[in-house]
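Presented below is the structure to which this report refers.
Computed from the coordinates by the stated procedures, all read-outs in this text should not be read as laboratory data. Being a predicted model, the structure only gives us computed values, none of them experimental. Heads up, the Cβs are rebuilt from the backbone with ideal geometry, glycines too, and the neighbour counts pull from every protein chain shown.
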Amino acid sequence: MEEKVDSGKKNFFKIFYEEISKSSFTIIILAIFTGLILGGIIACATTKEIYDAFGESFSTGIIESLKFIWKTYSSLFRGSFGNPKEMVDSLFSGDSALIRKAFKPFLESLVVTTPYLITGVAIALGFQAGVLNMGGEGQLFMGSIMAGWAGWTFKGLPPIIHVPLALLIGVLAGALWGFIPGWLKAKTGSHEVITTIMMNYISFSLSQYLITGPFQDPNESFKTRFIEESAHLFRFFEDPLRLHIGFIIAIAVAVIAWYVLYKTTWGFEFRNVGLNPDASKYAGINASLVTILAMTFSGAIAGLSGAVEMLGVNFRAVQSLTTGYGWDAIAIALLAKNHPLVVIITAMLFGFMRQGSRIMQINTGIPIDIISILQAFILFFIAAPAIIRTIYRLKNPKETEPEVEISVSGEKL
């Protein structure tokens, strides 16, 4: 009897290790950790002071490298979340100005996260239905510029009407930009990757024309008019804090997308077409209609992202090439394995890193581009989990319990 108990205790740790090794969540955590390590090494490799330290001695170089990495990531953390000590002290002081200053980095990170979250859900929704929507950037552009048009064109409206109206127009603009590639794929077989990328260029050129032409502010070049104050999204705090109700809208969009995908008949059809279009047709599902609807809804959500940015942060459009949100949203959706609720976490990862990178650059001199390198490393390791399993000696899933992953095109990986 004693031997069985001891054996059970030993087997507990073995079983726990095996389960942890098989978990995809473990792969994601280790991918982020490994990406941070490699990012720190690259940061050191591009810093002259580190080479000078190694010139003195190897041990000095190692010590200075560790100090530099700590300074880099601590600056990234403070830029993203704020200084914990200052945040606690400000709360005890009761001074509203100190509280706003201490919590500004964290709240600004939420502001930056908002477009990432909404656009990430948009891309994930398309991927779930088997359509590769590469047009999130263009759909966001159109939603933004058209929401801005509604914001400055309609005057004298109360906010309770003006804000929903402007958001709706932004959503419709994004939906149109998603509908066209969806219809072309369903009716002509044209590949949505090509058509959505082409639609991006059309939206960029069209928005530039509108900003420098019909929508241009008469008093300033290369900028549109400001939207009416009645079209501004509600802000939770006084200036300089910019956190607005758009973040709540973003969370709601993720939850609604999850509910639709996993709790409704439409969502069941979307996911089945994404897994196997041919089998879905055999089962009586209209795969062509699902494709059109998926691209339209995906574009509508991306358009909402642009509208929220316009009404909550920018208040006017300026001439620019790209925001990057639509492109990063592809990585955010893939990192979340196209699950809308997980997109909340991955969007916050990208948003907080983007916000923190500004303080990191000021304190260490490291360019913001290091964040893009970090993100690339993380995605690389998640896309190739065998590398993480090899590095950390994680066990592969047993053959009796295969770990099957489905690509967005419905093929087993």
What full-extension length gain, to one decimal in nm, is calculated for Asp369 and Lys104 as 0.36 nm per residue of separation minus the Cα-Cα distance? 93.1 nm
Could you tell me, in Å, what Rg and Dmax come out for the Cα atoms of the range 27-167? 22.8, 71
Ellipticity estimate at 222 nm from DSSP helix runs (n ≥ 4, -39,500 (n - 2.57)) divided over the chain, nearest 500: -25000 deg cm²/dmol
Where in the range 200-296 are there GluC sites (Glu not before Pro) that are in a DSSP coil and have at most 14 other Cβ atoms within 10 angstrom of their Cβ? Glu220, Glu238
Beyond 22 Å between alpha-carbons counts as too far, so tell me which of Lys71/Lys337; Lys101/Lys223; Lys187/Lys263; Lys48/Lys71 fall in that bin. Lys71/Lys337; Lys101/Lys223; Lys187/Lys263
Residue-span extension gain [Trp327 to Phe222] - 0.36 nm each, minus C-alpha spacing: 35.4 nm
Note: Ser205 to Lys85 extended length (0.36 nm per residue) minus current alpha-carbon separation gives 38.5 nm
State, to one decimal in nm, how far the label point of Phe237 lies from the label point of Ile345, with both points 7 Å from Cα in the Cβ direction. 2.6
Spherically averaged projected area of the range 115-348 from its Cα convex hull (nm²): 12.8
Kirkwood hydrodynamic radius of the chain from all distinct Cα pairs, in Å? 23.5
Just to be sure I understand the model, the point goes 7 Å from the Cα along the line to the Cβ. What's the resulting Tyr392 to Phe380 distance in nm? 1.8
Using only alpha-carbon positions, what ratio does the radius of gyration of the range 300-369 give when scaled by 2.2 N^0.38 Å? 1.27
Calculated FRET value between Ser59 and Ile362, using beta carbons and R₀ = 35 Å, to 0.05: 0.75
Given contacts defined as C-alpha pairs under 8 Å and at least six residues apart, what's the relative contact order of the chain, whole-number percent? 30
Span-like helix ranges in the chain, DSSP H, alpha carbon extent 27 angstrom or more, Kyte mean at least -0.5: 24-45, 58-81, 96-128, 159-188, 192-212, 287-309, 340-364
Any idea how far apart Val313 and Val255 come out in nm if each label point goes 7 Å out from Cα toward Cβ? 2.3
